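Working notes, structure below.
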Amino acid sequence: MSRVPGWLSRTGAGLTRMGKRLEERRAAAAHGDDPVADDPAAASGNVPAPPSYAPAVAARPQAADAIPWGMRVAAEAGWRLLVLAGTLWVLMRVISAIQLVVLAFVAALLFTALLQPTVARLVRRGLPRGLATAITAILGFVIIGLIGWFVVWQVLENINDLSARVTDGIDELKAWLLDSPFHVTEAQINDIAANLQDTIGTNTEEITSAGLQGVTVLVEFLTGMLLAFFSTLFLLYDGKKVWSWVLKLVPAQARPGVAGAGPRAWSTLTAYVRGTVIVAMIDAIFIGLGVYFLDVPLAVPLGVIVFLGAFIPLVGAVVSGALAVVVALVTQGVFTALMVLVVVLAVQQIEGHVLQPFILGRAVRVHPHRPAQ
């Protein structure tokens, strides 16, 4: 028991010394000359304070701050461009995998833009929207089917006459080549014909496979037409609901802008389709009349092909006009083919310089010199 008072006395003395040290530190901190309070590392007790003669060492900058600003901007833009390119690549792969569905939906949009004003008129006259949609869609596709049937019927009706004219045209072309300034001999023409026959004979399998591919393309075309028909029905009947569903996929911040741009874009597309129909009809009438007066067979089917080709940008008019020239060449000879070529070029020049600016330009209200607002 004699050790207890000694232990208590030592504890009390230690507490007294700690109290004095705390008071000294408080007093030194109040005067601003406490090295321990100024150095957090020394205050923690782990790292001693550096001596007064130690040289000052500057802190190292962050790694991002050491990279030049231009390189940082280029890196940020680079990885975003890579992500965008990868996204576009994946999107194109998906579209190529379902291209039949995509093309059918695009065709349905064009059909809907053409038929939707008729549905709106019928609804304003008091018909239910379902009945107006059914009447418009059925009449529209029946008219398209009748046009296709008429083209096929004209071709089948004139196939015998066409084959005879092709034979006569080939003989006339052969005679013209013999009398032309190109110095073509009959032996050379016979060699060309023999080479063509040999080519057809040696490539029978390729021609057969091409025919099978043509059957596959025909099946895909019919499937696409069915998809386009049903898509057109849904768009004509529930177009506003489909548009509302599409708006839900857009981020909330961009939704008002997209909701305002959508109807304007649809009005522009509708006007574009109407203007294209008018321009295509004018082209088909004038080229068909020119072919008819030049006594070229299949004038009406060629006019229909010209009408349909006007809906294919860039290459449609060229291919349809070239087909008319080829038919004239093999049936009526070189002079008639040249006259058909003149007619086609004249109509296309009128289309490009008169019809397109005045009809399509006013329909879509797009002008290259529109003043800025």
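The values are calculated or read from the model by the stated rules, or taken from the named source; none is laboratory data. All values reported here derive from a predicted model rather than from experimental measurement. Cβ: placed from backbone, ideal geometry, glycine included. Neighbour counts: every protein chain shown. Heavy atoms of the whole protein, side chains included, go into the accessibility calculation; ligands, DNA and RNA do not. Shrake-Rupley method; radii C 1.70, N 1.55, O 1.52, S 1.80 Å.
With respect to Ile278, determine if the residue is over 23 Å from Gln154 (Cβ atoms), of a type outside the set (D, E, K, R) and at pLDDT 80 or above.
Yes.
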### Query
Residue check, Ser44 against (1) at pLDDT 85 or above; (2) under 30 Å from Leu22 (Cα atoms), all met but one. Which one?
(1)
### Query
So which residues in the range 72-119 are over 27 Å from Val242 (Cα atoms) and not hydrophobic (A, V, I, L, M, F, W, C), if there are any at all?
Arg72, Glu76, Gly78, Arg80, Gly86
### Message
Just checking, does the range 131-142 include any residue being over 26 Å from Phe311 (Cβ atoms) and outside the structural domain of Gly262 (by the TED database)?
### Response
yes
### Message
Go through the range 93-129 and report how many residues are loosely packed, with under 12 Cβ neighbours inside 10 Å, part of a helix (DSSP H, G or I) and small (Gly, Ala, Ser).
### Response
2
### Residues (open to solvent by 80 Å² or more (accessible area, probe 1.4 Å) and of a type outside the set (Phe, Trp, Tyr)) located in the range 64-82
Asp65, Met71, Arg72, Glu76, Arg80, Leu81, Leu82
## Note on the structure
Residue pairs qualifying under the 6 Å Cβ cut-off, at least six apart or on distinct chains, with the first in the range 247-264 being on the phi < 0 side of the Ramachandran plot and the second being outside any helix (DSSP H, G or I) and hydrophobic (A, V, I, L, M, F, W, C), are Val258/Val250
### Query
Mind checking which residues of the range 216-267 are of a type in the set (Ser, Thr, Tyr) and open to solvent by 90 Å² or more (accessible area, probe 1.4 Å)?
Tyr237
### Query
Out of the residues in the range 325-339 that are under 36 Å from the mean Cα position of the chain (by Cα) and either modelled with pLDDT under 85 or open to solvent by 50 Å² or more (accessible area, probe 1.4 Å) (or both), which is nearest to Leu298 (Cα to Cα)?
Val327
